[in-house]
Amino acid sequence: MARLLPVLGLFLFMLPLLGDDETESGMAVQLAYVFGVWVVLIICALLLARRLQTSASNPEDPMAEDGSQ
Amino acid sequence: MIRFNVLVAVCFCYVVLLFLVAFFAERRANKGRLGWLRSPMVYTLSLSVYCTAWTFYGAVGYAARSGLEFVTIYIGPTLILVGWWWALRKLVRIGKTQRITSIADLISSRYGKSNLLGVIVTLLAVVGTTPYIALQLQSVTLSLAVFAGENGHPLTQTELNANALWLAAGLAVFTVLFGTRNLDANERHHGVVMAIAVEAVVKLVALLAVGMFVVWGVGGGLSGMSERIAHSPIADVQFNSGRWVGLTFLSAAAIISLPRMFQVLVVENADERHLATASWAFPLYIMLMSLFVVPIAVIGLSEMPTGANPDLFVLTIPLSMGQDGLAALAFLGGFSSATSMVIVASIALSTMVSNHIVMPVWLRWQEDGATVSGDVRKVVLGARRVSIGAVLTLGYLYYSLTGGTEALASIGLISFTGVAQVLPALLGGIFWRGATRRGAAAGLLVGFAVWAYTLFLPSFGAGAAFSADLLNNGPFGISLLRPQSLFGVTGMDPLIHAVFWSMVLNTFAFLIVSLSGFPGPMERLQGAQFVNVFEHSTAAHGWAQGGAEAEDLLMMAQRILGADEAQALFLRATTDQGKAGYLPDTTPKFLERLERELAGSVGAATAHAMIGQIVGRSSVSVEDLMAVADETQQMLEYSMRLEAQSEELSRTARQLQEANEKLTELSVQKDAFLSQISHELRTPMTSIRAFSEILMDIESLTQEEQSKYSVIIHEEAIRLTRLLDDLLDLSVLERGNVSLDTQDGNLRDLLDRALTASGVLDEEAGMRVLRDKAAENIPLRTDTDRLRQVFINLITNARKYCDAAKPELKINARLRGKELVIDFIDNGAGIPKKSQAIIFEKFSRLSDQSSAGGAGLGLAICREIMVNLGGAISYLPGQGGAAFRVVLPTRFVQAT
């Protein structure tokens, strides 16, 4: 899951590239989109960091748990 | 209207504040109370050196020119931080286990501790960072010029240059003061990090304040603002998808490979878990930094007169609206961004330059090698200070040469591209075991050359480095080699063109050369450790047993780590080996550990070379290579179990052997004791008997002769009594039922009296005594008579046994933690290693010189006295003479 997040982020950030010029949505909307993706990523990272930290403080190997996710 | 002088004063106060912050953080850290100094938030804020003046001022200008594209500079780092589990976690772990000091150190260490690679990366970093430092100087001077212009006194170019010079000098002072204070074993700079964190807060607050003012004060709230954005010329900017992808990639590469980012991300990292916090907090920080960039650009374009520099909108908008306080805050924000970048970058560069260029040259230049040369720490620190000065001078020169002509953003991106050339070697190094030293060197050189050819040199403009003809038609008219359209690829943005070709050719060179050769044994060992850092964090051995004298190693380590740290390290090692004293067996494991400690100060390649000078050639054993090769898990486990057992066994064996040796030694001593004591008692007895017989038998003695003989008898009797007193004293002390007579005293007085009593101050003794009387002024509460007895004994010994032509005795007293440590060091031949263990035993006179007098009880008594006083006395090897250390716990030192 932790490894997947940046891939998801990359995909979302690169999405505006696909939009062609005809569906010109305006600067403000693009701006809102980019910052929206940003906020979502930050929140996901925050939740993940919490989870990884609690699992890392367990005696079990965090690597193993990560592999199963 | 804010006065220019007021602004300078504000700026000055701010700098003083930063000095204070750094100073108190440093002092707190020295006292060992790290606490919040090392919290994850401070770590996150320190990462903000990514946001330089270029992002602070330049992002707005960038947005005014190219619209939304500016966010790519932040998207790259966001993705890398969010994906910390992939690369950053590994980098930080490697940085910790291998004691990495810089990105050049990481690359050199990974590829078999090759110094060649270290030098290449260092040069690359210096060339890539210098323009960037120039950029920071330029942004501060430009912003100052804005204020001066507002006051009606536009600054001339000379005045601007003078400002830049002052700024560079001030930054050099700060960096030298807090960046090279000491050679920390881990290269951490608490004061600097704290100051950077404060600056991070200032610049965020400044930018948010300007942004809020623009949106709600000028733009008319959120809805008004979005209206204005839609009608702004920015909205019409063509969306360039090539640049979008390319710049995102570039900024992602930059956050890993920029020297200053590596410094704060990996080297200054105190705890791996801080990375988890930074993974969301740093993206949040940079998102806030870029939140108001577009509104500021839009308002600037519509409100400011045409032709105003969009790079300075952050400053000029509040100024033109009469918001002087806000403008001053914005100025401080830009100032913070510039200074924090310059400070961290020059620390990172100076570490690289001193470890990879100065130290190797110096080591080669010192023919005697690391053991005999002077204090290495001074050389390293000196080299760092000089490099900081040199780096800033280079930046200043670059600034004054280019004259601040280019738009801010373009220099920044050129810099990024240059430094990103490290990326293939770096990622290849930590994920691919087949990567070789030659491959890394080839990739770096190719990438560097392509970058210089397609981007860096053309950036000076046609006619400067390249002629216009060469730019348009290629060298010698070969159009395939035109710098800005290599191999006939035309129509690409010049920057993206350069990023694409340099990275592609770099990676190909790296892969092809790596695949066409085999890594050497050292490279394989290091490669396996880096790639599999999470599986086995223990280091493989690269040293053969034996050969090295622990004392030589201690001498060298003391010169790099400092006496206290080195002694503590050696002491821990001997304790782990189950031995006593300062000199451990030079097992491969110990050498490995020592090398890593040294690497924390001078870099892996240099540390390896220094130990190599003492130990001889490093050898990689078959077992080490086996551990690297992929055997079955079972074999590994089996060998690990065996290793653990054999280690346990060898430790026990060492202990047994040592105990046995001591027992044998003791039994020989017991025998010797009896014969000694009879001998010692008999000699005076014989003369007493002989002379008393003479007195009895011979009648015709003159008065003179009679008194002479009785004086002899008396003296011999006294000697006998003294011997018996000593023996009695010793047995009382040994049984521990001695009554101590505790008094107040002062260490200096005690030493004064001891020196007088032992007679070393007499002319005939001819001994020079070196003391630091100020440091000795320590009040004591202990049995001062007994303590003085110990001092007298040590001083007398030095007088008797020091065989130097010009004997010297150095007395060195200081408080160390909870102990008072007093060293007595002479410049004689010292005590041979095999005798060091027994000198504190009874009757262990090392030479049979009867001239020395005494029965060999002195040091034994000293030891017992110190034990009874709650302290200790020990022999300190590796000081260039006989050296004894007296340690007294400070509960005996009076509170002052």
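Arranged from highest to lowest average of other beta-carbon atoms within 10 Å per residue, in what order do the peptides B:696-706, B:134-144 appear? Before the final figure, lay out each step's value.
On the way: B:696-706: 9.1, B:134-144: 25.7.
Top of the packing list down: B:134-144, B:696-706.
Taken residue by residue and averaged, Cβ atoms of other chains lying within 10 Å of the Cβ of B:218-230 number 2.
A viscosity of 1.002 mPa s and a temperature of 20 °C, combined with the Kirkwood radius over C-alpha pairs in the Stokes-Einstein formula, give region B:174-293 a diffusion coefficient of 121 µm²/s.
For B:LYS810, the lysines whose Cα comes closer than 18 Å to its Cα, not counting residues fewer than 8 places off in the same chain, are B:LYS773, B:LYS800. Peptides B:755-768, B:802-815 ranked from most to least packed give B:802-815, B:755-768, packing being the mean of other C-beta atoms within 10 angstrom over each peptide's residues. Estimate the FRET efficiency between B:GLU705 and B:LEU728 by the formula 1/(1 + (r/R0)^6), using the beta-carbon distance for r and 30 Å for R0, to the nearest 0.05. For R0 = 30 Å, the calculated efficiency reads 0.30. Applying 1/(1 + (r/R0)^6) with R0 = 25 Å to the Cβ-Cβ distance of B:SER667 and B:LEU571 gives a FRET efficiency near 0.30. For the pair B:ARG65 and B:SER835, label points projected 7 Å from Cα toward Cβ lie 7.8 nm apart. Across region B:682-722 the C-alpha pair distances fall into 5 Å bins from zero in the proportions 6, 25, 32, 20, 11, 5, 0 percent.
The distance between label points at B:PHE534 and B:ASP564 comes to 3.9 nm (points 7 Å beyond Cα on the Cα→Cβ vector).
Length gained on full extension, B:ARG641 to B:ARG768: 40.0 nm, using 0.36 nm per residue less the C-alpha separation. Measuring against 18 Å, Cα to Cα, the residue pairs B:LYS31/B:LYS378; B:LYS579/B:LYS833; B:LYS662/B:LYS833 contain B:LYS31/B:LYS378 as the ones spanning a longer distance.
In this label model, B:LEU401 and B:ALA659 are separated by 7.1 nm, measuring between points 7 Å along each Cα→Cβ vector. The mean number of partner chain beta-carbon atoms within 10 angstrom of a residue's beta-carbon across peptide B:280-287 is 5.
Tell me, what is the FRET efficiency for B:TRP362 and B:VAL201 to the nearest 0.05, using R0 = 45 angstrom and their Cβ-Cβ distance as r?
The computed FRET efficiency comes out at 0.65.
Here, region B:729-803 has an Rg and a Dmax of 14.1, 40 Å when only alpha carbons are counted. Shielding value for A:35-41 is 4, the average number of Cβ atoms from other chains within 10 Å of each residue's Cβ.
Measuring from a point 7 Å past the Cα of B:SER39 along Cα-to-C-beta, which residues in region B:280-301 have an amide N at less than 20 Å? The answer is B:280-286, whose backbone nitrogens lie closer than 20 Å to the label point.
Values in this text are rule-based calculations from the coordinates and carry no lab data. If you're wondering where the values come from, they're calculated on a predicted model, not measured in any experiment. Note: ideal-geometry Cβ built from the backbone for every residue, glycine included; neighbour counts use all protein chains shown.
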